[in-house]
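Computed from the coordinates by the stated procedures, all read-outs in this text should not be read as laboratory data. Given the structure is predicted, the values throughout are model-derived calculations rather than measurements. Note that we place each Cβ from the backbone using ideal geometry, even for glycine, and neighbour counts take in every protein chain shown.
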Amino acid sequence: MKTIQISEQISPLQKARSAYQPKLPTALKNGIKSLKIVEGAKTTAADNADEIKEMFSNLYGLNIVTFEQGNHAVQQKTLNVGVILSGGQAPGGHNAIAGIFDALKEANPENKLIGFLGGPSGIIEGEYIEISDNYMDEFRNTGGFDIIGSGRTKLESEEHFEKALKVCQKLDLSAIIIIGGDDSNTNAAMLAEYLKQKDAGIQVIGVPKTIDGDLKNEHIETSFGFDTATKVYSELIGNIQKDANSAKKYWHFIKLMGRSASHIALECALKTHPNITLISEEIAKKNMSLSEIIDYMADIIAKRAEKGKNFGIALVPEGLIEFIPEMKTLIANLNDQLAKIGDKEEYNSACGCDQRVEDIKNALQAEDYKLFDSLPNSIQIQLLLDRDPHGNVQVSRIETEKLLTEMIEEKLAEMKKNGSYKGKFSTMTHFFGYEGRCAAPSNFDADYCYSLGYNAFALIQFGLSGYISSVKNLTKPTEKWVAGGIPLTSMMNMERRHGKMKPVIKKALVELEHAPFMEFSKNREKWALEDCYIYPGPIQYFGPSEVTDLATETIQLEQN
């Protein structure tokens, strides 16, 4: 077991926030010993039910559960529970752990919470700390994952499961809580199934975390951190809009985090009303080419220039490039060509960037060659960078915002020649991602994450495994939130990963027929040409609840 030094340096805001007591749903706020469990409908799977059933024979088809106030006493035996933070950071992670800790100690002061260090690798390698009262209190209502750290090691191999089981047995753990996104909770389901097969007597519960907002369904209305991150980004966008409308000389292109879905871009657009927002899912649905996207954006820029407005704001989703059909095909073919290179490190050291670009060009078919050749050299190089652990292009390292500005500049130069554009086009580019991942949680996320953690221990107390903590009815006051759990397998389908079909939790993309996108679509033409900018300002922690505790525009539109 390791020891961690506690910092004594805190800001006045952090000191004030440490006194904030997160609110709980009515079912939970009377205490962990005053609950009863209500079973709901049996579940299947999001898709490919037969395959999921075969792979998760011990977990498939479990019932949805909810908690109500009641006197159904549960034996309060002493429990040791492990917790893991998995994947990228998201605001509220510390409060999720605080909720687990408080529920666990309330059930029995002898219970212990073991924090595995550095993400899933901690449970494999046996690196951990016991979380104490004093240590926990240092992190309440703060951002970041520094309480125990996080990591992207995958718990998916037999070897990993065996090592994790040995560590759990050594620590006499009764349960493990994995706080993570869709991939992390997929791994939680696989670990839960393995432990059931081994009759290990160790439960596994998931908690839905990701700022991307793509881990959601009717029971998981939002993943934690999405509210805070989009409020942070929207404040920055609002600041830039104020500046743009003051200086009146720059077009600001802002790339926003979210590789697999455009929920962040859409929520920020609803909050701030920029002139242009690209939604990746719409581009894929309409089968838009890169040149059509450039034409669309250049047209708005030209129309604003006719009004004497040579400035504006454009929001770009991080994962846009993979949603453009022709670019998706190009990337797949680039992956194939890169896979053929033997020793990549030796090749990269022997060849300069320009040589690597030429080698790839010569290996591409005509259409792919034409598209690749049309891209700025800097983007060509970025497309050839090493892939992430999932085999995907590292889209955060591709400067899509700069790709668009360069290509739009070329388009506007052509339009100037034929007289269809007479404005000035000066640009600034930004990428907002890491700025929001470790922000101090909003009141909504502070309450939501604490409730998710407290609820996760309630699921353990009732002997459940293979569930994800669910707190819903989130547009209502906190006391009306509904706490419970849904089987992880009910969210899963089969997808191709690294050339093989694997069970994964299905990502929730922006639905073009749902209320949030429809609201955006209804207003975007007006926002494009008029200056309808909204300045949301910084996150409000203190004040009337209609200012401090509101859920996102997305949830409000979805539920109204």
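Remark: region 1-140 projects, on average over all directions, an area of 11.5 nm² (convex hull of Cα atoms). Of the peptides 41-47, 464-470, the ranking by mean beta-carbon count within 10 Å, highest at the top, reads 464-470, 41-47. Each residue of region 470-479 was assigned a 3J(HN,Hα) from its phi angle through the Karplus expression (A = 6.51, B = -1.76, C = 1.60, θ = phi - 60°), giving 10, 10, 10, 6, 6, 7, 8, x, 3, 5 Hz with x at Gly and Pro. Listed cross-link partners K271/K328; K163/K209; K231/K472; K77/K105; K249/K303 are compared with a 18 Å cut-off, the Cα-Cα value being larger for K271/K328; K163/K209; K231/K472.
Charge tally around K248: other residues with Cβ under 14 Å, Lys/Arg +1 each, Asp/Glu -1 each, net +4.
Tell me whether region 430-560 comes out rounded, prolate or oblate; compute the Cα gyration tensor, take square roots of the eigenvalues as a ≥ b ≥ c, and use a/c under 1.5 as the rounded threshold. It comes out oblate by the Cα gyration axes. Region 389-438 and region 257-315 have Cα centres lying 11 Å from one another. Of interest is the spacing of the C-alpha centroids, which for region 538-560 and region 92-112 amounts to 26 Å.
How much length is gained on full extension from E156 to E130, taking 0.36 nm per residue of separation minus their Cα-Cα distance?
6.8 nm
Report note on the peptides 516-527, 416-427, 142-153: ranked by the mean count of other C-beta atoms within 10 Å, highest first, their order is 142-153, 516-527, 416-427.
Give, in nm to one decimal, the length gained when the segment between T329 and Q14 is fully stretched (0.36 nm per residue of separation minus the Cα-Cα distance).
Gain on extension, T329 to Q14, equals 108.6 nm.
Between the amide H of Q394 and those of D388, distances stay under 5 Å, these residues lying 5 or more places away or on another chain, with hydrogens modeled in the peptide plane. Projecting label points 7 angstrom from Cα along Cα→Cβ for T44 and Y535 puts them 5.3 nm apart. When you count the other C-beta atoms within 10 angstrom of each residue and take the mean per peptide, 310-321, 370-381 line up highest first as 310-321, 370-381. Remark on R497: its backbone amide H falls under 5 Å from those of K502, a criterion applied only to residues 5 or more positions apart or on other chains, H modelled at 1.01 Å from N.
Rounded, prolate or oblate: which one fits region 27-110, using the alpha carbon gyration tensor with axes a ≥ b ≥ c (rounded when a/c is under 1.5, else prolate when a/b beats b/c, else oblate)? Cα axes put region 27-110 in the oblate bin.
Counted over the chain, the DSSP beta bridges are approximately 40% antiparallel. Distant-in-sequence amide contacts of W251, defined by a placed amide H-H separation under 5 Å and a gap of 5 or more residues or a different chain, comprise G312, S426, T427, M428.
Could you calculate the contour length gain from Q556 to C353, that is, 0.36 nm times the residue separation minus the distance between their Cα atoms, to one decimal place in nm?
Residue separation times 0.36 nm, minus the Cα-Cα distance, leaves 68.3 nm.
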